[in-house]
Amino acid sequence: MNSQNQVESTLKEILEVVKPLHEDLVTRFKIIDELREVVQSIENLRGATVEPFGSFVSNLFSRWGDLDISIEVSFGQCVSSAGKKRKQTLLRELLRALRKQGGWSRLNFIPSARVPILKIVSKWQNISCDISIDNIQGEIKSKFLFWLNEIDGRFRDMVLLVKEWAKANGINNPKTGTFNSYSLSLLVIFHFQTCVPPILPPLKDIYPTNVVDDLTGAKVYAERRIAQVRSSNIARFKSSRIVNRSSLSELFISFIAKFSEINLKASELGICTFTGQWEYIANNTRWLPWTYAIFIEDPFEQPENSARAVGQKQLVKIAEVFETTRRILISANITRNTLLPTLVGPQTSPFLFKKHPTVYSNSNYRYYPNTPPQAHRVVQSPLQTQYHLWQLQYKNSGPSTSQMQHQGPRMVPSTPKPQSQFARMGVANGPHLPNHQFQKPNPSVPQDQVQVQVQPQIQRARTEGYNVKFGTRRPHQVQHNQGQMWRPKYDK
């Protein structure tokens, strides 16, 4: 196997491990459900909605990805935001409620952050959650990244690979002066814009103005306007583009090479995905005065710098990581075992070095015991699946969280929830998703006579992972690394 084929094979193997499973989706919905119950127990947050955003909504999260949550206190009517002091007060109340309830660990309130954040860790798989108030900008950015997958599915693969590689090499942590995941995603967008032929257009060709400036008035109409503009512009680009047929390995190697001297370029040039090109800092008055080691402009909230946490010394380290990786990728006689230490971190490597992974008991990492990485791979995006599963879980006639743990879901067609955030944002343009709700099983009707209409991949995932004996499904609870994996408990 030549070097190029070896890189291609290894990258695809890594993707099989880091892409989330169906149970990873279900666990995150469980966390959202529990947070919703806590929020509704707080007097000042009654009626507020709990909305996920970030990599989970953009479909760029890995099996071990964190969960970003926005609590909307505007009640979905108008695009507005509470003041910073108000946000701090509400998050303090939420912190007290979470402590009182129990089941959450490592609670850390950061009131002085640019956007006040409450960090917590759930008992379910030890998933970290970042909670903010009225983070409308974060929600719309997440949806734009999700929409880019409509243009080319390689975007998602590249983001997952780049984030895994960056974590493995210690350059995906803004707390230590390196890149955050959002800026890494923007680097992938920029790379796809500057390939020949380009895979993605300049983002101004998808939405010609600053998105956050158009988040005004009634939220439903603002989101609908944005969705209509991006939908028509994406369709126009897809109909007229020249298709880039580069392999995943070619795209990854060229990505690493493109930024191997990023510390030298950053002194004069900034990265602008809005125009899809390098921009001279001295000629861009929006970026002045120059106070950052590197400028990666946020295309949806211009002229904010998404890489503002990167320091000068750390930028040199980042460039060295790029260059070292480039040399390894183009070296002769490259093997899988020489590639893996560079491309994946300790959280992922046990799945790749062992055919049948077992429990890896290290409290620093969250592993899934006895779960083959290729089982029940998610086909739908989380944004689409959210629209589907939230119809199951949060109807007024549906069971509470405690009931869900003691009865099996029996799904029947139901009227879709009006004006959900996903319908407003145009997700209905994707694959059709049936809407269902939970209904208590009728014990007089045998299970094999009940017709359930669900997506094939969701139906398949529901039936696996359980011990089937004498026509019954026996649930089991998995404990690992002081955390738990939630799974619905089916009636006999």
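The values are calculated or read from the model by the stated rules, or taken from the named source; none is laboratory data. All of these numbers come straight from a predicted model, not from anything done at the bench. As a convention, Cβ positions derive from the backbone with ideal geometry for all residues, glycine included, and neighbour counts pool all protein chains shown. Surface accessibility is based on the protein's heavy atoms, side chains included, excluding ligands, DNA and RNA. Shrake-Rupley method; radii C 1.70, N 1.55, O 1.52, S 1.80 Å.
Taken together, the residues in segment 322-335 that are surrounded by 15 or more Cβ atoms within 10 Å (Cβ to Cβ), in a helix (DSSP H, G or I) and in contact with a helix residue (DSSP H, G or I) (Cβ under 8 Å, 6 or more places away or on another chain) amount to 5. Filtering segment 115-137 down to residues that are in contact with a helix residue (DSSP H, G or I) (Cβ under 8 Å, 6 or more places away or on another chain) and more than 30 Å from Asp213 (Cα to Cα), which residue is surrounded by the fewest Cβ atoms within 10 Å (Cβ to Cβ)? Result: Trp124. In segment 46-72, how many residues are more than 8 Å from the chain's Cα centre (by Cα) and open to solvent by less than 30 Å² (accessible area, probe 1.4 Å)? Counting residues in segment 46-72 that are more than 8 Å from the chain's Cα centre (by Cα) and open to solvent by less than 30 Å² (accessible area, probe 1.4 Å) gives 10.
Matching residues to (1) modelled with pLDDT under 95; (2) farther than 22 Å from Pro208 by Cα:
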{"residue": "Leu248", "(1), (2)": "no, yes"}
{"residue": "Ala257", "(1), (2)": "no, yes"}
{"residue": "Ala266", "(1), (2)": "yes, yes"}
{"residue": "Phe274", "(1), (2)": "no, no"}
{"residue": "Ile281", "(1), (2)": "yes, no"}
{"residue": "Tyr292", "(1), (2)": "yes, yes"}
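Taking the condition at pLDDT 95 or above, acidic (Asp, Glu), surrounded by 21 or more Cβ atoms within 10 Å (Cβ to Cβ) and part of a helix (DSSP H, G or I), does Glu223 pass? Considered against the rule, which asks whether it is at pLDDT 95 or above, acidic (Asp, Glu), surrounded by 21 or more Cβ atoms within 10 Å (Cβ to Cβ) and part of a helix (DSSP H, G or I), Glu223 comes out as no. Out of everything in segment 183-199 that is in contact (Cβ under 8 Å) with a residue 60 or more places away in the chain and of a type outside the set (Val, Ile, Thr), what residue ends up being most open to solvent (accessible area, probe 1.4 Å)? Residue satisfying both the conditions and the ranking: Pro198. When we screen Tyr221, Tyr280 for residues that are over 26 Å from the mean Cα position of the chain (by Cα) and without any contact (Cβ under 8 Å) to a residue 24 or more places away in the chain, the only hit is Tyr280.
Name every residue in segment 169-182 that is small (Gly, Ala, Ser) and either crowded, with 24+ Cβ neighbours inside 10 Å or closer than 22 Å to Pro341 by Cβ (or both), in order of residue number.
Gly170, Ser181
Somewhere in segment 21-40, is a residue crowded, with 20+ Cβ neighbours inside 10 Å and in a strand (DSSP E or B)? Yes, segment 21-40 contains at least one residue that is crowded, with 20+ Cβ neighbours inside 10 Å and in a strand (DSSP E or B).
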